[in-house]
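Below you'll find the structure, written out as structure tokens, and then a few comments.
The values are calculated or read from the model by the stated rules, or taken from the named source; none is laboratory data. All values reported here derive from a predicted model rather than from experimental measurement. So basically every Cβ, Gly included, is an ideal-geometry build from the backbone, and we count neighbours across all protein chains shown. For the accessible areas, the whole protein counts, side chains as well, though only heavy atoms, and no ligand, DNA or RNA atoms are used. Shrake-Rupley method; radii C 1.70, N 1.55, O 1.52, S 1.80 Å.
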Protein chains: 2
Amino acid sequence: MRNLLVTICYKGTAYHGYQVQKNAVTVAEKVQDAVERVLGRREDIVGCSRTDTGVHANMYCFHMKTEHSIPCERLPGALNTFLPFDIAVLSCREVRPAFHARYHSLGKEYVYKIFNSRIRSPFWEGLAYQYPYALDAETLDRCAQRFLGTHDFRAFCAAGGDLHDTVRTITESRVAREGDLVTYTVRGDGFLYKMVRIMTGTLLLAAAGRLAADDISVILETGDRSRACRTAPAHGLYLNRVFYNEADF
Amino acid sequence: MRNLLVTICYKGTAYHGYQVQKNAVTVAEKVQDAVERVLGRREDIVGCSRTDTGVHANMYCFHMKTEHSIPCERLPGALNTFLPFDIAVLSCREVRPAFHARYHSLGKEYVYKIFNSRIRSPFWEGLAYQYPYALDAETLDRCAQRFLGTHDFRAFCAAGGDLHDTVRTITESRVAREGDLVTYTVRGDGFLYKMVRIMTGTLLLAAAGRLAADDISVILETGDRSRACRTAPAHGLYLNRVFYNEADF
């Protein structure tokens, strides 16, 4: 039995997230449809992460076990023929049988895109959060740095998330502006349910002057979620990278 | 009677071009719908240019005569409230009664976006021409320079265009790559029917080795359209700027 690690990207607008659900069209379902067409069997695919409805991915990984002998270099082109335009297979590599796309992930990087202009852009609709009020990227960046390090992020987990183990380590957390586009980049060993969107929402509260950088540290220390109560919309969020240890392949 | 010069941008995917047509939804019709909601009258609007089905605009201008007293600074926000997400009013200024958005245009700049990667991007679908074959931007740029200057562009006019006066002056014509995105920028005093798309298609023939830079000069000199026979698809094209003389306002 071969084990294939497949990397895809997708525009999440039309999907109820990545993972297969009953009664809702998802990215995984579309991928499995294509797999069935190419390999003649509806193989199970195991994703690196859940993603919410409307969230995008510049890079998403899944593993798939198959007896099929298709060469890795031919699989992306073959699958893309049967995929809708908003999902694309980027690459495929064979990995050892025990490799698991989720368990072996060392961490992930997300970017959250904010189109910050008084007037909405037709071109960023659905692809960035259109935020019309003044945003000082430097202030946001200073606040974002408070997330760096190992903290208990229970205040940044949405209701319905697992609160069993809420300690995470953030290794990158920065905000930068390029023209009207403000991007928050955050990298960590793992993320709680809606954590990046709540972190971004909290940064936007800071931008609006309703929170100071020190308040973010206080929220992290106390775990008081009532103060980190804004969740930025899903359509600004992109899973940007998934990290693995080459040795695990 | 006031004369207002209004600047808009739009994503052309859903529209049969700018200009009002019977039996087809167009940008101008949507703008007039919004004007009617805001001003209480369906004022005539006179655009700076026609655009083809699916073509986008980062900047498009029209003028509109009205007796309404709405301040210029309030009009964009008011119209945007009634416009669909893929059209946005950027600004408005009052101009002299004789000003005409088309006749007073000194020239225009277009950009043509090519997403040049072996694998299609879900995010550029409809917003760039997805071209999977090798493209050398420097070769294209050398070819593009042949368009500079004053030439008879009859070979670069699609059937149905007016062949009465086909001499145009191109003041900028360059190709640049940024990652997978190759952009052709062309500025001139005017453009024939589908001229930029045929110019781009010709550059792509050159990229494929089916035409040399010298051939472009020959086509311009002879007007032999049989050699400039490829029209790049509409959805990669953006009207980028419209130029006016400040004195004409």
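Given the conditions (1) more than 14 Å from chain A (Cβ to nearest Cβ); (2) basic (Lys, Arg); (3) within 21 Å of the chain's Cα centre (by Cα), report the number of the one that B:Lys113 does not fulfil.
Only one criterion is unmet by B:Lys113, namely (1).
How many of the residues making up region A:180-217 are surrounded by fewer than 16 Cβ atoms within 10 Å (Cβ to Cβ), of a type in the set (D, E, K, R) and part of a loop (DSSP other than H, G, I, E, B)?
Here the count works out to 2.
Looking at region A:238-245, is at least one residue among the hydroxyl-bearing types (Ser, Thr, Tyr), under 18 Å from A:Tyr129 (Cβ atoms) and open to solvent by less than 10 Å² (accessible area, probe 1.4 Å)? Even if it seems obvious, please write down each step before you answer.
So the first thing to find is which residues in region A:238-245 are among the hydroxyl-bearing types (Ser, Thr, Tyr), and the list is A:238, A:244.
Then drop every residue that is not under 18 Å from A:Tyr129 (Cβ atoms), which leaves A:238.
Narrowing the set further to residues that are open to solvent by less than 10 Å² (accessible area, probe 1.4 Å) leaves A:238.
The answer is yes, given that some residue of region A:238-245 is among the hydroxyl-bearing types (Ser, Thr, Tyr), under 18 Å from A:Tyr129 (Cβ atoms) and open to solvent by less than 10 Å² (accessible area, probe 1.4 Å).
Residue by residue, here is whether (1) surrounded by fewer than 19 Cβ atoms within 10 Å (Cβ to Cβ); (2) more than 15 Å from A:Gly47 (Cα to Cα); (3) without any contact (Cβ under 8 Å) to a residue 12 or more places away in the chain holds:
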residue: A:Cys92; (1), (2), (3): no, no, no
residue: A:Arg96; (1), (2), (3): yes, yes, no
residue: A:Gly107; (1), (2), (3): yes, no, no
residue: A:Tyr110; (1), (2), (3): no, yes, no
residue: A:Ser117; (1), (2), (3): yes, yes, no
residue: A:Phe123; (1), (2), (3): yes, yes, yes
residue: A:Gly126; (1), (2), (3): yes, yes, no
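Return the pair list, or none, for Cβ contacts closer than 7 Å from residues in region A:204-224 that are closer than 21 Å to A:Thr183 by Cα to residues that are basic (Lys, Arg), at least 6 apart or on different chains.
What qualifies is A:Leu204/A:Arg230; A:Leu205/A:Arg230; A:Ala213/A:Arg142; A:Ala213/A:Arg146; A:Ile216/A:Arg146.
Check B:Val25 against each of (1) away from chain A (no Cβ under 14 Å); (2) at pLDDT 95 or above and name the one condition it does not meet.
Of everything listed in (1) away from chain A (no Cβ under 14 Å); (2) at pLDDT 95 or above, B:Val25 misses just condition (2).
Could you list all residues from region A:144-179 that are open to solvent by 40 Å² or more (accessible area, probe 1.4 Å), at negative phi and assigned to a loop (DSSP other than H, G, I, E, B)?
A:Leu148, A:Ala159, A:Asp162, A:Leu163, A:His164, A:Asp165
Among the residues of region A:52-96, count how many are more than 14 Å from chain B (Cβ to nearest Cβ), under 20 Å from A:Lys11 (Cβ atoms) and out of contact with any strand residue (DSSP E or B) (no Cβ under 6 Å at 6 or more places or on another chain). If you could, list the steps in order and put the result at the bottom.
If we filter region A:52-96 for residues that are more than 14 Å from chain B (Cβ to nearest Cβ), which is where we start, we get A:52-53, A:61-72, A:93-96.
Next cut, under 20 Å from A:Lys11 (Cβ atoms) only: A:52-53, A:61-62.
Pick out the ones that are also out of contact with any strand residue (DSSP E or B) (no Cβ under 6 Å at 6 or more places or on another chain) and you get A:52-53.
Of the residues in region A:52-96, 2 are more than 14 Å from chain B (Cβ to nearest Cβ), under 20 Å from A:Lys11 (Cβ atoms) and out of contact with any strand residue (DSSP E or B) (no Cβ under 6 Å at 6 or more places or on another chain).
What number of residues in region B:131-143 are within 13 Å of chain A (Cβ to nearest Cβ) and open to solvent by less than 20 Å² (accessible area, probe 1.4 Å)?
Just the residues of region B:131-143 that are within 13 Å of chain A (Cβ to nearest Cβ), to begin with: B:132.
Keeping just the survivors that are open to solvent by less than 20 Å² (accessible area, probe 1.4 Å) gives none.
Here the count works out to 0.
In a helix (DSSP H, G or I), in contact with a strand residue (DSSP E or B) (Cβ under 6 Å, 6 or more places away or on another chain), of a type outside the set (Gly, Ala, Ser) and within 15 Å of B:Ala155 (Cα to Cα) - does that describe any residue in region B:218-234? Show your work before the answer.
At the first step, the residues of region B:218-234 found to be in a helix (DSSP H, G or I) are B:218-222, B:225-227, B:234.
Next, from what is left, pick out any that are in contact with a strand residue (DSSP E or B) (Cβ under 6 Å, 6 or more places away or on another chain): B:220.
Those still in the list that are of a type outside the set (Gly, Ala, Ser) too: B:220.
Among the residues that remain, those that are also within 15 Å of B:Ala155 (Cα to Cα) are: B:220.
Within region B:218-234 (the criterion being in a helix (DSSP H, G or I), in contact with a strand residue (DSSP E or B) (Cβ under 6 Å, 6 or more places away or on another chain), of a type outside the set (Gly, Ala, Ser) and within 15 Å of B:Ala155 (Cα to Cα)), the answer is yes, since at least one residue qualifies.
For region A:182-215, what are the residues that are among the hydrophobic types (A, V, I, L, M, F, W, C) and over 30 Å from A:Tyr244 (Cβ atoms)? Spell out how you get there, then give the answer.
Initial filter on region A:182-215 (among the hydrophobic types (A, V, I, L, M, F, W, C)): A:182, A:186, A:191-192, A:195-196, A:198-199, A:203-208, A:211-213.
Selection gives A:Leu204, A:Leu205, A:Ala206, A:Ala207, A:Ala208, A:Leu211, A:Ala212, A:Ala213.
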